[in-house]
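Just so you know, all these numbers are worked out from the coordinates, no wet-lab data involved. If you're wondering where the values come from, they're calculated on a predicted model, not measured in any experiment. So basically every Cβ, Gly included, is an ideal-geometry build from the backbone, and we count neighbours across all protein chains shown.
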Amino acid sequence: MVDPDIVLAKLDILERCLRRIADARARREEMAPIDADDIIALNLQRAIQAAIGLAAHVVAEEGYGIPDSTAALFTLLNQEGVIDRDLAERLRKMGGFRNIALYEYRKVDPAIVEAMVTKRLEDLCALGKRVVEVFKLRDGRA
């Protein structure tokens, strides 16, 4: 059974990161470009990591299987009806971006970061909303 306190902690991290991204974007003109880019990229990584942590918690606690990758977490959530296939695919891609950004497998393209920030942040929120809805969590309690 999912632990409401863990779910809320992950959602708090996610919300804090999204606020930091919005703040950095709003104040971009006041900041050195590299500082704004770093704040945005770091908080995007953290937000994605919070979503991965949330997915891992649900998969483990509900016994959905043993994922062999980060991407598999979202596949399992889809197979169990927690999220739809399209959201699972978008979250898998975000997890891949996080790996690239975190481990510097290749240089992160600023255009990709901007596209994710302007078009994909709602996917992270959608995951949280679905977990709260599916497991009937309110104010951190089942």
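Which value, in debye to the nearest 20, describes the size of the charge dipole of the chain about its Cα centre when Lys and Arg Cβ atoms bear +1, Asp and Glu Cβ atoms bear -1, and nothing else is charged?
Dipole about the Cα centre, nearest 20: 160 debye.
Can you sort Val2, Val7, Val134 from fewest to most other Cβ atoms within 10 Å of each residue's own Cβ?
Details: Val2 19, Val7 22, Val134 16.
Going from least to most buried by this count: Val134, Val2, Val7.
Please rank Leu8, Leu91, fewest neighbouring Cβ atoms within 10 Å first, as an exposure proxy. Could the numbers behind the result be given before it?
Working: Leu8 16, Leu91 27.
Listing Leu8, Leu91 from fewest to most nearby Cβ atoms yields Leu8, Leu91.
Would you be so kind as to identify which of Ser69, Val58, Met94 lies farthest towards the positive end of the dipole of region 4-134, taking Lys and Arg as +1 and Asp and Glu as -1 on Cβ and the Cα centre as origin?
Looking along the dipole axis, the top candidate is Met94.
Measuring from label point to label point, each 7 Å out along Cα→Cβ, what is the Lys136 to Asp84 span in nm?
2.4
List, in order, the whole-Hz ³J(HN,Hα) value for each residue of region 115-130 obtained from phi through the Karplus relation with A = 6.51, B = -1.76, C = 1.60 and θ = phi - 60°; use x for Gly and Pro.
Each residue of region 115-130 in turn: 5, 5, 5, 8, 10, 10, 4, 5, 5, 5, 5, 4, 4, x, 4, 5 Hz.
Taking DSSP loops as anything outside H, G, I, E and B, show the longest stretch in the chain free of trypsin sites (Lys or Arg not before Pro) there with at most 10 other beta carbons within 10 Å. Please list the in-between numbers first.
Working: sites that count: Arg106, Lys107, Lys136.
The reported range is 1-105.
Out of Ala26, Gln49, Leu121, whose Cα points farthest toward the positive end of the dipole of region 4-134 (charges: +1 Lys, Arg; -1 Asp, Glu; placed on Cβ)?
Ranked along the dipole, the leading option is Ala26.
Gain in length, Arg28 to Ala115, computed as 0.36 nm per residue apart minus the alpha-carbon separation, to one decimal in nm? Can you show the working numbers first?
Details: separation 87, 0.36 × 87 = 31.32 nm, distance 1.62 nm.
Contour length minus the Cα-Cα distance gives 29.7 nm.
Tell me the relative contact order for region 4-134 as a rounded percent, counting alpha carbon contacts under 8 Å between residues six or more apart.
Once divided by the residue count of region 4-134, the mean separation gives 25 percent.
What number, rounded to the nearest 500 deg cm²/dmol, is the helix-based mean residue ellipticity at 222 nm of the chain, given -39500 (n - 2.57) per DSSP H run of at least four residues and division by all its residues? Can you show the working numbers first?
Details: 6 runs with 106 residues, N = 142.
Roughly -25000 deg cm²/dmol at 222 nm, from the helical runs in the chain.
Restrict the search to region 85-115; then list the chymotrypsin sites (Phe, Trp or Tyr not before Pro) that DSSP places in a loop and that have at most 16 other Cβ atoms within 10 Å of their Cβ.
Details: sites: Phe97, Tyr103, Tyr105; in loops: Tyr105.
Of the chymotrypsin sites (Phe, Trp or Tyr not before Pro), the ones in loops of region 85-115 whose Cβ has at most 16 other Cβ atoms within 10 Å are Tyr105.
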